[in-house]
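The values are calculated or read from the model by the stated rules, or taken from the named source; none is laboratory data. Not measured: the values here are computed from a predicted model. When we count neighbours, we look across all protein chains shown, and the Cβ atoms used for this are built from the backbone with ideal geometry, even at glycine.
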Amino acid sequence: MSRYLLNKFLFTVDRDPDLVERYRSAPADLVPWWESTIANSLLNCHTGEASTWLAFTDEERTALITHDHVKLFELGAHPFLTLTLFIAMFERDNTTELEYQKAYGAALAHVTRPYPDITT
């Protein structure tokens with residue numbers, strides 16, 4: 001399991017409107033594409049350097065593909081990264097103010113302290 005890789009996915013996808021739309025509409029295509037093309041590139045490095053060992057576990061990949069923010073939090077994804085990306089993807093589907101944010105929080109209401117470790 002790599003909390004770093006989960007957070008890197010959330011961070012990089014959230015900062016690219018095209019990737020946000022691809023993740024919203026076709027996560028089963030985007031997640032493996034991202035993993036094979038971006039996962040091992042160095043963050044904020046444009047020199048062509050890359051690592052070779054980073055990969056999602058099956059559990060992480062499934063949680064990403066199914067947009068399961070509760071499972072992602074349990075796996076150590078930072079909740080602020082998840083929330084900002086999921087707001088970008090799903091807030092437009094709601095009709096009342098803060099409807100998505102309230103639903104997001106309600107889905108995590110069962111989580112008690114100590115919270116899952118979100119350090120990377």
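Can you find a residue that is hydroxyl-bearing (Ser, Thr, Tyr), over 9 Å from the mean Cα position of the chain (by Cα) and at pLDDT 80 or above anywhere in the stretch 38-47? There is no residue in the stretch 38-47 that is hydroxyl-bearing (Ser, Thr, Tyr), over 9 Å from the mean Cα position of the chain (by Cα) and at pLDDT 80 or above.
Checking each residue in the stretch 70-120 for being closer than 15 Å to residue 14 by Cβ, among the hydrophobic types (A, V, I, L, M, F, W, C) and in a loop (DSSP other than H, G, I, E, B) picks out only 77. In the stretch 94-105, the residues that are farther than 18 Å from residue 82 by Cα reach residues that are surrounded by 12 or more Cβ atoms within 10 Å (Cβ to Cβ) with C-beta atoms within less than 9 angstrom, at least six apart or across chains, in these pairs: 96/102. Candidates in the stretch 106-120 are the residues that are within 10 Å of residue 79 (Cβ to Cβ) and among the hydrophobic types (A, V, I, L, M, F, W, C); of these, the one that is modelled with the lowest pLDDT is 118. Annotation note: Cβ proximity below 6 Å between a residue of the stretch 2-31 that is among the small types (Gly, Ala, Ser) and a residue that is buried (at least 17 other Cβ atoms within 10 Å of the Cβ) (sequence gap 6+ or interchain) occurs for 28/65. Residue pairs whose Cβ atoms lie under 9 Å apart, separated by 6 or more positions or on different chains, with the first residue in the stretch 60-83 and aliphatic (A, V, I, L, M) and surrounded by fewer than 18 Cβ atoms within 10 Å (Cβ to Cβ) and the second in a helix (DSSP H, G or I) and at pLDDT 90 or above, are 65/27; 65/28; 65/30; 65/31; 65/32; 70/63.
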